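*Asks:* The structure's right below; bear with me while I get my questions together.
The values are calculated or read from the model by the stated rules, or taken from the named source; none is laboratory data. As the structure is a prediction and not an experimental result, all values here were calculated from the model. Heads up, the Cβs are rebuilt from the backbone with ideal geometry, glycines too, and the neighbour counts pull from every protein chain shown. The protein model used for the area step is the full one, side chains on, heavy atoms only, and it has no ligands, DNA or RNA in it. Shrake-Rupley method; radii C 1.70, N 1.55, O 1.52, S 1.80 Å.
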Amino acid sequence: MALSVLLLRPYQRLLVGASKWSRLSSVLSGHSLGRIENKPISTAGAPETLTSHMHGLHTLQRQLQQIAPVLRAGYPPLVATTRRLSALSGTCGVQESSMENVGLNGADRMVEVEWSDGGVSRFPYIWLRDNCQCPQCFKRDSRCRLILMSDLDVNVSPVRVESQARGGLLSVEWSDGHQSRYDWQWLKERCFSPQVMSERGKGWQRKTRLWGAELTHDLPKADFPVLLTDDRALYDFLVILDSVGLVLAQNVPCDVGQVERLANRVAFLRQTSGFGKEFVVVNKPNPGSDVAYTPAKLGLHTDLNSYSSKPGVQMLHCIEQIEGDGGDNSLVDGFNAAHQLKEENPDAFRLLTTLKVTFRHVGVDYNKYFLLQRQNVIRLNDQDDIQSISYSDQSRTSMLDMPADQVQPFYDALKSFNTIMYLPGNCVRLKMAAGEMMVFDNTRVLHGRSAYSPDSGTRHLQGGYMDWDDVYSRMRVLEMDHGIKE
Ligand SMILES: [Zn+2]
């Protein structure tokens, strides 16, 4: 039985049976989907009073609690979506509670809150004052702070605190005469305890499912017309794109403009200096700036590493495909390959995460362009988790800003990484048919193409990009509008 590996950063692995994986894939077809009908949840436009806003938040929480079991039943538990909702509302599994006692700790400059369900939270004076929720200090409809740092006395202290509304509100009177009130739940969600902060931190972790060649037989698929009309199917598609990094959309009309249709449904196309809004891959008689325009083999690479922030999501739509051999795509999970490198050759991994190479794109296509950027081939985030892969033999320049005696070890490391990438067990082979569109994570998935004969017909692809920030934004909005929460 084929097994897939789910990676919960940092490096917490679970083995997931193939049956779950199949269910996950089938969700995207739009057929086995349990629909959750819920009124749009939004606090935007709510009256500008603290209590009504908090009522809105309580309602949101209740609605989420009600639908949670349904979602758990209908969806594989491995696709966690709390990150995006947590990021939006700051919720972290808060139980019904109230404030038992509140008091001042002048020595530490903290307001201390004793909760009815046990435990104490400590809130720094300056943080409370800076985050006063009154209409003078905070504009609720735009979720925007009105207090400016230049007007904030960072040594301000309360003269009096008390709990009101049967422990539901913390009332603070400040030394400058200002009055603030805070809802218990708002406070609890923002607790500074290590446990609550750790819980909030989980919300920012990507839930990455590593894969190898076995994905060929279990490729996540989505129905293009359904994606364009069904919000829930679109959301599921984006969740898989985030966790797996690759989805094949099918039943795409075989004419140009479909990449932009999907991009506009999610967010919009990311323009680039080289390609403009979209690019066309077709065997051109005069290929000019890019080797992609020839029928030659294309080695595994990620696109546009010459940007400091390269396009996050790539769409490749097959409009016409050649009949004969060749022209098929290779796809490799760069995170999976990087993890293998880390295990097998930690020194090589360290070199690729610390030394930088320079990528360059120069030419004339959409317009005249000259992109230049230094990148780590494997980039880590501040938690030392793998964040992105930047690999392209084609656009890696001869400039190496590293000590001469590091060059040979660096090439050894690149060769090791390259060898792992091309292992048959790591590589998904896919020859798209006309009417299919590959959508993949360009910060993670390496793609290449086998050579083909220009005499075997026309191969016509159209491609475009989106940025992850805009995709995540769309996912949060879908979660909010449809009450989606795992
Ligand atoms: Zn205020």
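Okay, residues lined up against (1) closer than 27 Å to Lys277 by Cα; (2) crowded, with 17+ Cβ neighbours inside 10 Å:
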{"site": "Pro346", "(1), (2)": "no, no"}
{"site": "Thr353", "(1), (2)": "no, yes"}
{"site": "Val362", "(1), (2)": "yes, no"}
{"site": "Asn381", "(1), (2)": "no, no"}
{"site": "Asp385", "(1), (2)": "no, no"}
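*Asks:* I would also like to ask the following. Based on what the data block shows, is Leu146 over 29 Å from Gln195 (Cα atoms) and within 12 Å of the ligand (Cβ to nearest atom)?
*Replies:* On the way: over 29 Å from Gln195 (Cα atoms): yes; within 12 Å of the ligand (Cβ to nearest atom): yes.
Yes.
*Asks:* Tally up the residues in region 456-486 that are of a type in the set (Val, Ile, Thr), assigned to a loop (DSSP other than H, G, I, E, B) and open to solvent by less than 50 Å² (accessible area, probe 1.4 Å), please. Break it down into steps so the answer makes sense when it comes.
*Replies:* Taking region 456-486 as the starting set, the residues that turn out to be of a type in the set (Val, Ile, Thr) are 458, 471, 477, 484.
Add one more test, that the residue is assigned to a loop (DSSP other than H, G, I, E, B), and what stays is 458, 484.
Next, from what is left, pick out any that are open to solvent by less than 50 Å² (accessible area, probe 1.4 Å): 484.
Qualifying residue count for the region: 1.
*Asks:* Pick from region 156-191 the residues that are within 12 Å of the ligand (Cβ to nearest atom) and not in a strand (DSSP E or B): which of them is surrounded by the fewest Cβ atoms within 10 Å (Cβ to Cβ)?
*Replies:* Gly177
*Asks:* Given the conditions (1) within 16 Å of the ligand (Cβ to nearest atom); (2) surrounded by 21 or more Cβ atoms within 10 Å (Cβ to Cβ), report the number of the one that Asp153 does not fulfil.
*Replies:* In the conditions (1) within 16 Å of the ligand (Cβ to nearest atom); (2) surrounded by 21 or more Cβ atoms within 10 Å (Cβ to Cβ), Asp153 misses (2) alone.
*Asks:* Looking at region 234-256, can you tell me whether even one residue there is within 27 Å of Gly457 (Cα to Cα), open to solvent by 50 Å² or more (accessible area, probe 1.4 Å), polar (S, T, N, Q) and in contact with a helix residue (DSSP H, G or I) (Cβ under 8 Å, 6 or more places away or on another chain)?
*Replies:* Scanning region 234-256, I find at least one residue that is within 27 Å of Gly457 (Cα to Cα), open to solvent by 50 Å² or more (accessible area, probe 1.4 Å), polar (S, T, N, Q) and in contact with a helix residue (DSSP H, G or I) (Cβ under 8 Å, 6 or more places away or on another chain), so the answer is yes.
*Asks:* Continuing with this model, one more query. Does region 192-222 hold any residues that are in a helix (DSSP H, G or I) and of a type in the set (A, V, I, L, M), and which are they?
*Replies:* Quick first cut of region 192-222, residues in a helix (DSSP H, G or I) only: 194-202, 213-218.
Within region 192-222, Val196, Met197, Ala213, Leu215 qualify.
*Asks:* Counting only residues that are at pLDDT 95 or above, give me the strands (runs of 3 or more DSSP E) lying completely in region 242-330 with at least 3 of them. Steps first, answer last, please.
*Replies:* Details: elements: 246-250, 278-282, 298-301, 313-320.
Result: 246-250, 313-320.
*Asks:* Determine if region 446-453 includes at least one residue that is touching a residue at least 24 places away in the same chain (Cβ under 8 Å), surrounded by fewer than 20 Cβ atoms within 10 Å (Cβ to Cβ) and assigned to a helix (DSSP H, G or I). It would help to see each step written out before you state the result.
*Replies:* Start the filter on region 446-453 by keeping residues that are touching a residue at least 24 places away in the same chain (Cβ under 8 Å), which leaves 446-453.
If we keep only those that are surrounded by fewer than 20 Cβ atoms within 10 Å (Cβ to Cβ) as well, we get 448, 450-451, 453.
Now narrow it down to the ones that are assigned to a helix (DSSP H, G or I): none.
No, there is no match, as no residue in region 446-453 is touching a residue at least 24 places away in the same chain (Cβ under 8 Å), surrounded by fewer than 20 Cβ atoms within 10 Å (Cβ to Cβ) and assigned to a helix (DSSP H, G or I).
*Asks:* If you check Leu104 against the conditions, is it within 16 Å of the ligand (Cβ to nearest atom) and at pLDDT 95 or above?
*Replies:* Criteria not met by Leu104.
*Asks:* Further, regarding this structure: So which strands (runs of 3 or more DSSP E) stay within region 336-406 end to end and still have 1 or more residues that are among the hydroxyl-bearing types (Ser, Thr, Tyr)?
*Replies:* Values: elements: 356-364, 368-376, 378-380, 386-389.
Answer list for region 336-406: 356-364, 368-376, 386-389.
*Asks:* Specify which of the listed residues (Asp405, Asp469) is more than 19 Å from His301 (Cα to Cα) and free of Cβ contacts under 8 Å to residues at least 24 places away in the same chain. Reasoning before the result, please.
*Replies:* On the way: Asp469 fails: free of Cβ contacts under 8 Å to residues at least 24 places away in the same chain.
Result: Asp405 is the single residue among Asp405, Asp469 that is more than 19 Å from His301 (Cα to Cα) and free of Cβ contacts under 8 Å to residues at least 24 places away in the same chain.
*Asks:* Consider only pairs whose beta carbons are under 6 Å apart and that are at least six residues apart or on different chains; among these, list those whose first residue lies in region 158-174 and is on the phi > 0 side of the Ramachandran plot and whose second residue is surrounded by 16 or more Cβ atoms within 10 Å (Cβ to Cβ).
*Replies:* Close Cβ pairs (under 6 Å, with a partner that is surrounded by 16 or more Cβ atoms within 10 Å (Cβ to Cβ)) amount to Gly167/Ser98; Gly167/Met99.
*Asks:* How many of the residues in region 334-382 are of a type in the set (Ser, Thr, Tyr) and within 24 Å of the chain's Cα centre (by Cα)?
*Replies:* Looking only at region 334-382, we keep the residues that are of a type in the set (Ser, Thr, Tyr), and these are 353-354, 358, 366, 369.
Right, trim to within 24 Å of the chain's Cα centre (by Cα) and you get 353-354.
Number of matching residues: 2.
*Asks:* On to the next question. Among the candidates Ser330, Ser395, Ser390, which residue alone is under 26 Å from Gly274 (Cα atoms), under 20 Å from the mean Cα position of the chain (by Cα) and assigned by TED's automatic domain parsing to the domain that holds Ser273? Lay out the reasoning, then the answer.
*Replies:* Values: Ser330 fails: under 20 Å from the mean Cα position of the chain (by Cα); Ser395 fails: under 20 Å from the mean Cα position of the chain (by Cα).
Result of the check over Ser330, Ser395, Ser390: Ser390.
*Asks:* Of the residues that make up region 213-220, is at least one within 14 Å of Phe440 (Cα to Cα), buried (at least 19 other Cβ atoms within 10 Å of the Cβ) and away from the ligand (no atom under 16 Å from the Cβ)?
*Replies:* yes
*Asks:* So, one more: Output the number of the condition that Cys132 fails; it satisfies all remaining conditions of (1) loosely packed, with under 15 Cβ neighbours inside 10 Å; (2) within 13 Å of the ligand (Cβ to nearest atom); (3) of a type in the set (A, V, I, L, M, F, W, C).
*Replies:* Unmet condition: (1).
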